[in-house]
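Taking it in order: structure first as structure tokens, then the write-up.
The values are calculated or read from the model by the stated rules, or taken from the named source; none is laboratory data. Here the structure is a predicted model, which means the values were calculated and not measured. Methodologically, a virtual Cβ is constructed for each residue, glycine included, from the backbone with ideal geometry; neighbour enumeration extends over all protein chains shown. Note: accessible area is taken over every heavy atom of the protein model, side chains too, but ligands, DNA and RNA are not part of it. Shrake-Rupley method; radii C 1.70, N 1.55, O 1.52, S 1.80 Å.
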Amino acid sequence: MVDAHIRGVNNALAAGWRVLERGGSALDAVEEAVVVMEDDETFDAGRGSFLNRDGRVQLDALIMDGATLRAGGVGCVERLRNPVRAARKILSESPHVYFVAEGAERFAAEHGISLCRNEDLIIPREVERLRAYQAQPNSHGNELFAPDSDDVTISHDTVGAVALDQHANIAAATSTGGTLNKAPGRLGDSSLIGCGCYADNESAAASTTGWGEPIMKLVLAKWTADRISAGNLPEWSAQEAMNYLKQRVNGHGGIIVLNRQGRFGIAHNTPRMAWACKTVRQQESGIVKEN
Ligand code: ASP
């Protein structure tokens, strides 16, 4: 699925760039980029996500605006094709920051987002993946993200985007189906402020992927943003975040991070992480990021 991942992140990049090019906000750019990846079955977000232990899709997403610190998150939603759209509505139209499960779906429906059936989010590849996984005895899941795993084909990614706009505002968004065979109701890092996603103009915008429980314990996106507000470069801070994740809690994952000056870092300690980035001067993408 390497080509599909690279194509997918480039399509997302193009959607985000279209917004920025016409003077749109970083917030709109990350939303549009994430929607493209939620709609792409390649990724663990929206339709095509990993299934939970009961064979259902349960989605989490967060979006955050670095200019205002407003954020919107949804957790454990089962009837939204694009959870990031609901998260954006929460950010823009609710005094609250976070909605879960049916309450989140009701909020979305009340704000003009149509609900789908859970079956509409399930694809045969994931039904088969869950069946094969559950047939193995004693699988607890952590090995899916480990660099020494001999089966890298079993993992596919949460999606995220960070952007800087012409008004020097930054934003971040993350969306996920979570981890394969997760317990129903389990929430990972992706949609929690500061864990899987964070944005503050005074520090950085960051989005993480990887095994959520270790990332949550370190509040990793905020930890990385704090390194940047302390004067470190995003490229160094991204790598340091991966070192910290590994050393402190033996975690595996990846991060993208961007500051207001347009400096960015991309790092992962998993075998692969599809990424793409574009500035006015250059465009790059890949499946492994060498730092
Ligand atoms: N971080 C996500 C979670 O634990 C999974 C992933 O990034 O692939 O829910």
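All of V74, V34, V84 fail the test of being away from the ligand (no atom under 14 Å from the Cβ), buried (at least 17 other Cβ atoms within 10 Å of the Cβ) and modelled with pLDDT of 95 or more, apart from V84.
Rundown of residues vs (1) among the acidic types (D, E); (2) closer than 18 Å to T174 by Cα, yes/no style:
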{"site": "G212", "(1), (2)": "no, yes"}
{"site": "V219", "(1), (2)": "no, yes"}
{"site": "I228", "(1), (2)": "no, no"}
{"site": "E235", "(1), (2)": "yes, no"}
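Selection within the range 227-262: residues that are β-branched (V, I, T) and under 19 Å from the mean Cα position of the chain (by Cα). The member of this set that is farthest from the ligand (Cβ to nearest atom) is V257. Restricted to the range 1-110, the set of helices (runs of 4 or more DSSP H) holding at least 2 residues that are of a type in the set (D, E) and closer than 27 Å to T279 by Cβ comprises 2-21, 26-39.
Close Cβ contacts (under 6 Å, 6 or more residues apart or on different chains) running from residues in the range 267-291 that are more than 17 Å from N243 (Cβ to Cβ) to residues that are polar (S, T, N, Q) comprise A276/N10; A276/S285; S285/N10. Kindly establish whether G48 is touching a helix residue (DSSP H, G or I) at 6+ places or on another chain (Cβ under 9 Å), surrounded by fewer than 22 Cβ atoms within 10 Å (Cβ to Cβ) and within 25 Å of I6 (Cβ to Cβ). Yes, satisfied. Restricting the range 156-188 to residues that are part of a loop (DSSP other than H, G, I, E, B) and of a type in the set (A, V, I, L, M, F, W, C) leaves a set whose member that is nearest to N259 (Cα to Cα) is A168. Inside the range 37-71, can you point out the residues that are among the small types (G, A, S) and within 14 Å of the ligand (Cβ to nearest atom)? Those that are among the small types (G, A, S) and within 14 Å of the ligand (Cβ to nearest atom): A45, G46, G48, S49, A61.
Take the residues of the range 87-115 that are under 20 Å from K182 (Cβ atoms) and of a type in the set (A, V, I, L, M, F, W, C): which is most open to solvent (accessible area, probe 1.4 Å)? Among those that are under 20 Å from K182 (Cβ atoms) and of a type in the set (A, V, I, L, M, F, W, C), it is V100. Taking the range 21-31 as the range and being open to solvent by less than 30 Å² (accessible area, probe 1.4 Å) and in contact with a strand residue (DSSP E or B) (Cβ under 8 Å, 6 or more places away or on another chain) as the test, the residues that pass are A26, L27, A29, V30, E31.
For every residue, the table says whether it meets (1) away from the ligand (no atom under 12 Å from the Cβ); (2) closer than 17 Å to A161 by Cβ; (3) among the basic types (K, R).
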{"position": "G178", "(1), (2), (3)": "no, no, no"}
{"position": "G185", "(1), (2), (3)": "yes, no, no"}
{"position": "S191", "(1), (2), (3)": "no, yes, no"}
{"position": "Y198", "(1), (2), (3)": "yes, yes, no"}
{"position": "N269", "(1), (2), (3)": "yes, no, no"}
{"position": "K278", "(1), (2), (3)": "yes, yes, yes"}
